[in-house]
Amino acid sequence: MRVVVQRCKQASVTVNEEIVGQIGKGLMVLVGVTHQDTVEDAKYLAGKVAGIRIFEDENGKMNLGLQEIGGQVLSVSQFTLYGDCRKGKRPGFSDAARPEVATPVYEAFNSALRELGLVVETGIFGADMDVSLTNWGPVTLIIDSPTKNN
């Protein structure tokens, strides 16, 4: 499982010209799921996102997390995070999980964030979405769940 976390001043997601999710300051999180990912991976990444200290304290150091700043999360599913661009000009998406696998893992990620006390807004899984944000810093991080032994 992979997430791209962007510290933001505001973010929103629109489907069919209607805002379906919107936050003020916090984290815009793009969420990708691959075939072997589980609810445990979702909980692991939710803990990482909830606890990541990338907001500045009174000394200008990245030392505060979402809860300390009263931040929110906008979570958007994005299968293209598992796009493979190593061959040719067209990305391959065979590493991205199909909806029947990805949907419950994505939903478990959002539920785990809420259980940690965060306000979570979402896009609509599988929809054609327009995402808007003001990236604050900019600060953008990629976090993967632990590698599994095959």
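Over the chain, DSSP H runs of length four or greater, each weighted -39,500 (n - 2.57), average out per residue to a 222 nm ellipticity of -7000 deg cm²/dmol. Scattering from the chain was approximated by placing one identical point on each alpha carbon and applying the Debye formula without solvent; log10 I(q)/I(0) at 0.16, 0.20 1/Å stands at -0.86, -1.27. Taking amide H as placed 1.01 Å from N in the peptide plane, residue 55 has its amide H under 5 Å from the amide H of 63, 64, each at least 5 places away in sequence or on another chain.
Using every pair of separate Cα atoms, the Kirkwood estimate puts the hydrodynamic radius of the stretch 88-150 at 15.1 angstrom. The angle separating the long axis of helix 99-115 from the principal Cα axis of greatest extent in the chain is about 20 degrees.
Counting only Cβ charges, +1 for Lys and Arg and -1 for Asp and Glu, the dipole size of the stretch 6-59 around its Cα centre is about 120 debye. Find the lysine pairs in the chain meeting two conditions, Cα atoms under 21 Å apart and a separation of 8 or more places or different chains, and report how many there are. Total qualifying Lys-Lys pairs in the chain comes to 8.
Each Lys and Arg Cβ is given +1 and each Asp and Glu Cβ -1; about its Cα centre, the stretch 40-150 then shows a dipole of about 520 debye.
Each value in this text was obtained by applying a stated rule to the coordinates, not by laboratory testing. Model, not experiment: these values are computed from the prediction. Positions of Cβ are generated from backbone atoms using ideal geometry, with glycine treated the same way; all protein chains shown enter the neighbour counts.
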